Amino acid sequence: MHIHILGICGTFMGGLAVLAKQAGHTVTGCDANVYPPMSTQLEAQGIRLIEGFGPEQVDLKPDLFVIGNVVSRGNPLMEEILNRNLPYTSGPQWIGEHILFNKWVLAVAGTHGKTTTSSMLAWILEDAGYQPGFLIGGVPLNFGISARLSGADADSSFFVIEADEYDTAFFDKRSKFVHYRAKTAILNNLEYDHADIFPDLGAIETQFHHLVRTVPGVGRVVVNADEASLRRVIERGCWSEKEWFGSSDDAQWSMKAQHDGRFEVSFGGEAQGCVDWSLSGVHNQMNALAAIAAARHVGVPPAQAIASLGKFVNVKRRMEVRGSVNNITVYDDFAHHPTAISTTIDGLRKKVGAARILAVLEPRSNTMKLGTMKSALPGSLQAADLVFGYGAKGTGKEALGWNLGEALQPLGVKATTFDELDKLVQAIVHAAQPGDHILVMSNGGFGGVHRKILDALPT
């Protein structure tokens, strides 16, 4: 089959392209911005890329057009496809029908921690010899790639997928994860996000319940017992086995913190072992509990999963050290929702103790740009010693629709905001002292600010 992918340079669609190529399909694709690293990764796979969405691309005559959710009505190629009544489908539906249809799918859903938990789960299965396929919205450093069809030596029956609640396509407003037909589903957490497509938390809970409805009776749902929203989801009906994790009394899976980030894992009140790793933060311990529980469903003993996590290397852009100059360390993190910002800073605080944390934030997600979460930002940044906010000028797609400086006023003098990247860098470098930790948080490239800071710091 020849498929032509619209929006191929996104993380999800790029991963789809790799999987399709590995499965033996002919793959071409297009996007508005075709540039490294995604372009070079795809071209290395023998995938032809086209810049833009010109209607003449229908002359490629693929068997099927696969449409990313960045594509909307008015897109010239999409309009030509519709006018000619050519066959098309969404990315999630194509994956469900052509990649996942005969697999034991382990789907990881939640507002936060999907990428990290998926990576942990894939690594546990890999270390146990299962050689799973996976599609993850980041680069798990244990693998160095974000997607693969299966392990090198086997056609594995297992596939780990990051199960996103964002909508599928302009013509399918269900969440992506309803297409995956999970046999093992992790519901990690659930709070309000994606204000551009969901009116309220209840609307997201409905989508999560749609996911629960697709899990078979022989399947298992692993649920965070500490989340009232997820309890409401399960109360609407669940036809599969359930296992709860967290600190609530009815949680089968629980943990007890030790020292230096170590924690003991218990199941049914019985100790299973102690995770000894380099990751910090309670959120990562909860991610690990969920991954251990899900791996047990496919036959990995908890003790083995615990040992595997001792060799787990975190995902790229999750508290990733980008460099250190004059004892000043610069980190990169994907955090952009207030809860993720708070837990990320908390995790770093536990790691560095009383050392100063300089938080650098670019609120650029669709939800952030709408201003829905702006009132929660000061509280999420409270544990940082200094805060540097960046909101681009103008009316372009990167510009905020609200005043970042006003939103951060409750933080007082420890917060400053900028609308020019060079001035932001200058201020950070001027404030930084040996021993400081500069934590950069954004779900985008942030203009390469990490490298700019490292280059500007005096040696």
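Assorted remarks:
- Once the chain from Q433 to A271 is taken as fully extended at 0.36 nm per residue, the excess over their C-alpha distance is 54.0 nm.
- Loop-located trypsin sites (Lys or Arg not before Pro) in the stretch 46-97 whose Cβ has at most 10 other Cβ within 10 Å (DSSP): R73, R84
- Share, in percent, of DSSP beta bridges within the chain that are antiparallel, nearest 5: 25
- Overall form of the stretch 124-271 per C-alpha gyration tensor (a/c, 1.5; a/b vs b/c): oblate
- Relative contact order of the chain, pairs being alpha-carbon contacts under 8 Å that are 6 or more residues apart, as %: 11
- A Cα-only calculation for the stretch 1-121 places Rg and Dmax at 14.7, 45 Å.
- Phi-based couplings in Hz for the stretch 117-122 (Karplus 6.51, -1.76, 1.60; Gly and Pro marked x): 5, 4, 5, 4, 5, 4
- Isotropic mean projected area of the C-alpha convex hull, the stretch 310-361 (nm²): 4.3
- Residues whose amide H lies under 5 Å from that of R364, counting only those 5 or more places away or on a different chain, are N443; hydrogens are built 1.01 Å from N in the peptide plane.
- Spacing of the two label points (7 Å from each Cα toward its C-beta) at W402 and M1, in nm: 4.2
- Remark: the D59-K256 segment gains 64.9 nm on full extension, using 0.36 nm per residue and subtracting the alpha carbon distance.
- Of all DSSP beta bridges in the stretch 1-160, antiparallel share, percent nearest 5: 10
- Straight-distance crosslink candidates among lysines, where the alpha carbon sits under 22 Å from K374 and sequence neighbours closer than 8 are dropped: K393, K397, K414
- With DNA, RNA and ligands ignored, accessible area of W244 (1.4 Å probe; Å², nearest 10): 30
- Each of the peptides 209-219, 95-105 was scored by the mean count of other Cβ atoms within 10 Å over its residues; in descending order, highest first, they stand as 95-105, 209-219.
- Relative contact order of the stretch 258-365: 21 percent, from C-alpha pairs under 8 Å at least 6 residues apart in sequence.
- Here's the list of aspartates and glutamates a cross-link from K452 could span, going by alpha-carbon distance under 18 Å and ignoring same-chain residues fewer than 8 apart: E320, D332, D333, E362, D419, E420, D422, D436.
- Calculated [θ] (222 nm, deg cm²/dmol) that DSSP helices of n ≥ 4 give over the chain, each run adding -39,500 (n - 2.57): -9000 deg cm²/dmol
- With 21 Å as the limit on Cα-Cα distance, the pairs of K114/K183; K183/K256; K256/K351; K103/K176; K114/K176 that go past it are K183/K256.
- Stokes-Einstein translational diffusion, the stretch 64-193 - Kirkwood Rh over all Cα pairs, 0.692 mPa s, 37 °C, in µm²/s: 210
- Mean-position separation - Cα centroids, the stretch 117-164 and the stretch 407-442, in angstrom: 37
- Cα gyration tensor category, rounded, prolate or oblate, for the chain with a/c compared to 1.5: oblate
- Anisotropy class of the stretch 188-262 from Cα gyration tensor, a/c 1.5 cut: oblate
- Stretch gain in nm, segment E97-C238, where the contour uses 0.36 nm per residue and the Cα spacing is subtracted: 48.4 nm
- Kirkwood Rh, angstrom, the stretch 218-304 [1 / mean 1/r, Cα pairs]: 13.4
The values are calculated or read from the model by the stated rules, or taken from the named source; none is laboratory data. Treat the numbers as computed from the prediction; the structure is a model and nothing was measured. Cβ: placed from backbone, ideal geometry, glycine included. Neighbour counts: every protein chain shown. Remember, those area values only see protein heavy atoms, side chains included, never the ligands or the DNA or RNA. Shrake-Rupley method; radii C 1.70, N 1.55, O 1.52, S 1.80 Å.
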